[in-house]
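The block underneath contains the structure these notes are about, expressed in structure tokens.
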Amino acid sequence: MLDSSVRLPVSPRAGRFLVLLGVFVCAACGLVYELELVALAAYLIGDSVTQASVVLSVMVFAMGIGSLLAKRLRHRAPMWFGLVEAALALVGGCSAMALYAAFAWTGDSGEVWAGGSRYLLAVFSLAIGVLIGAEVPLLVVLIQRIRRQDADGAVADVFAADYVGALAGGLAFPFLLLPVFGQLTGALFTGAVNAVTGCALVLGLFGRGLSVRGRWAVLTANVLVLAVLASAAVLVGDFERAARRAVYGADARVAVQTGVQEVVLTGGRKRSFDLYLDGRLRISGRDERRYHRALVAPAMRGPHARVLILGGGDGLAAREVLRHRGVRRVDIIELDAGVVRLARHDPALSELNGHAYRDPRLRVEQAEAFRRLRSLRATYDVVISDLPDPGITAGTKLYSVEFYGLAARVLAPGGRLVVHAGPVSARPRVFWTVEASVRAAGLRTVPYPSPLHISPPPRPLYTSDALFFF
């Protein structure tokens, strides 16, 4: 039998409102933890669809376990709710730092990380899910202690506040926490909000009904959790720098969160220069010239007065285009303005791209390539698709039949589209899927090999064709 004689410091109506407000805040924090794990796993491991599926499915399963376990805690619901929130704040708040530390220091390659540390991701998903699942049964008990009502009504009230809080957390994560705090600090801040809310709700509203030992247990646990989170927040800058050195080497010199992705530059000389986007090596000064020449040169064999580059904000494909006589205009459509700023102003990158952005023939527009192609009315002799690797899930639509259909629409008669679709030796299925998509868009295809075997390049075809290499 539930204890209905709880003495409250406020009216039952105000107490009910405060409990539902606590449900709202805790639900928002719980969803932020889920999204944080999904985002960090996709960043560190790649394949965002798989990582989202793993995290969400494990969490939902664990929430069921947590709900069952909470049945044993109902008779001391206020104290256990305070302790559950303290544990959730600690585990959820520190999860991002723990996963990033595992990525940085447990291996030298993505394969090592993807093998062993996927288990760590599952462990955090399981732990957070169990704790989130234990919240709702305990909150139903708390709201019934304030005002006796039928179970259906109490559950409906709690779930309504829970779902609205999840909406708030889902919107706060991409639009507030990531831009303002970043991934690691954002998780720590969320944990602090979670701990303060749980502790304040229990001690402020139900503290009179707790034993002295229960009050001290809740207070001590939450104070210790807040101390850990605050200490981590103070050290997070040093932690990120040390982890970045462990991942990228001691010569990592620029790290920028642009709002689209994290950009890291290492080295200062041409051959030692590397550019990473969201942890993936995108440009290596040791071999980028072979890559970009192989990407550009075959497509330029034919009319090439007007050239469109999709992506390529680093300016390296533009450098190769501008080397050809007869080029009158080069348009770049690049989503990330931060990459363009670095290509203009970073000494090593601007030297590598031959200061292409100083050329008056070059114009850049910040836009998403798929969306911009829909509204583009100009036509081009050459379209160069210098986009993220086709194996990255987030860029799938940039390798779709619809995308190539839009690209074909802006080709002038006799124009050429060139696409990077490889490597065929490592991912033959991906390569031939891209080739089939290009053909389905109505273009003839001319596959050609990697830069190591590019001499001599293939003969161009003077119709609307797609050239792509592997």
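A short reminder: the numbers here are calculations on the coordinates, not readings from a lab. Keep in mind that what you see is a predicted model, and the values were worked out from it rather than measured. Cβ atoms come from the backbone with ideal geometry, glycine included; neighbour counts cover every protein chain shown.
FRET efficiency for the pair residue 429 and residue 60, taken as 1/(1 + (r/R0)^6) with r the Cβ-Cβ distance and R0 = 35 Å, rounds to 0.70.
3J(HN,Hα) couplings calculated from phi for the range 314-324 with the Karplus curve 6.51 cos²θ - 1.76 cosθ + 1.60 (θ = phi - 60°) are, in sequence order, 5, x, 6, 5, 4, 4, 5, 5, 5, 6, 8 Hz; Gly and Pro show x.
Per-residue Karplus couplings for the range 372-377, computed as 6.51 cos²θ - 1.76 cosθ + 1.60 with θ equal to phi - 60°, are listed in order as 5, 4, 4, 9, 6, 10 Hz, Gly and Pro entered as x. Residues whose amide H comes within less than 5 Å of that of residue 282, counting only those at least five positions distant or on another chain, are 275, 276, 277 (H built at 1.01 Å from N in the peptide plane).
Here is the result for the range 282-334: no GluC sites (Glu not before Pro) lie in DSSP coil with at most 11 other C-beta atoms within 10 angstrom of their C-beta. Here the simple spin-label model places points 7 Å from the Cα toward Cβ, and for residue 367 and residue 220 these points are separated by 6.3 nm.
Report the convex hull volume per residue for the range 12-247, counting only C-alpha atoms, in Å³.
Details: hull volume 27.8 nm³, N = 236.
Once divided by residue count, the hull of the range 12-247 is 118 Å³.
Charge dipole of the chain (Cα centre as origin; +1 on each Lys and Arg Cβ, -1 on each Asp and Glu Cβ, all else neutral): 740 debye, rounded to the nearest 20. Structural descriptor for the chain: relative contact order 14 percent, calculated from alpha carbon pairs under 8 angstrom and at least 6 residues apart.
Taking the DSSP beta bridges with both ends in the chain, the antiparallel portion is around 30 percent. Computed from phi, the 3J(HN,Hα) profile of the range 64-79 under the Karplus parametrisation 6.51, -1.76, 1.60 (θ = phi - 60°) reads x, 4, x, 5, 5, 5, 5, 4, 7, 9, 5, 6, 10, 4, x, 5 Hz, with x in place of Gly and Pro.
Please compute the net charge surrounding residue 92, taking Lys and Arg as +1 and Asp and Glu as -1 over other residues with Cβ under 15 Å from its Cβ. Could you put the intermediate results ahead of the total?
Numbers: positive: none; negative: 34, 36, 85, 135.
Residues close to residue 92 contribute a combined charge of -4.
Taking 0.36 nm per intervening residue step and subtracting the Cα-Cα distance, what contour gain separates residue 286 from residue 358 on full extension?
Numbers: separation 72, 0.36 × 72 = 25.92 nm, distance 2.39 nm.
Length difference between fully extended and current span is 23.5 nm.
A Förster radius of 22 Å combined with the Cβ-Cβ distance from residue 11 to residue 155 puts the calculated FRET efficiency at roughly 0.45. In summary, the range 287-469 shows an alpha-carbon radius of gyration equal to 0.95 times the 2.2 N^0.38 Å reference for compact globular proteins. The length gained on full extension between residue 126 and residue 258, counted as 0.36 nm times the residue separation minus their Cα-Cα distance, comes to 44.4 nm. The residue list 229, 38, 186 was ranked by how far each Cα lies along the charge dipole of the range 12-247 toward its positive end, using unit charges on Cβ atoms, and 229 comes out on top. Between the beta carbons of residue 211 and residue 49, assuming R0 = 45 Å, the FRET efficiency works out to 0.40 to the nearest 0.05. For the range 12-247, the Cβ-based charge dipole about the Cα centre amounts to some 1060 debye (Lys, Arg positive; Asp, Glu negative; other atoms uncharged).
Toward the positive end of the charge dipole of the chain, with +1 on the Cβ of Lys and Arg and -1 on the Cβ of Asp and Glu, the farthest Cα among 303, 132, 19 is that of 303.
For a test of the definition: using alpha carbon positions, the gyration tensor, and the 1.5 limit on a/c, classify the range 143-266 as rounded, prolate or oblate. Here the range 143-266 falls in the oblate category.
Computed over Cα pairs, the Kirkwood radius of the chain leads via Stokes-Einstein (0.692 mPa s, 37 °C) to a diffusion coefficient of 131 µm² per second. Considering only 340, 176, 73, and ranking their Cα positions along the charge dipole of the chain that arises from unit charges at the beta-carbon of Lys, Arg, Asp and Glu, the one farthest toward the positive end is 340.
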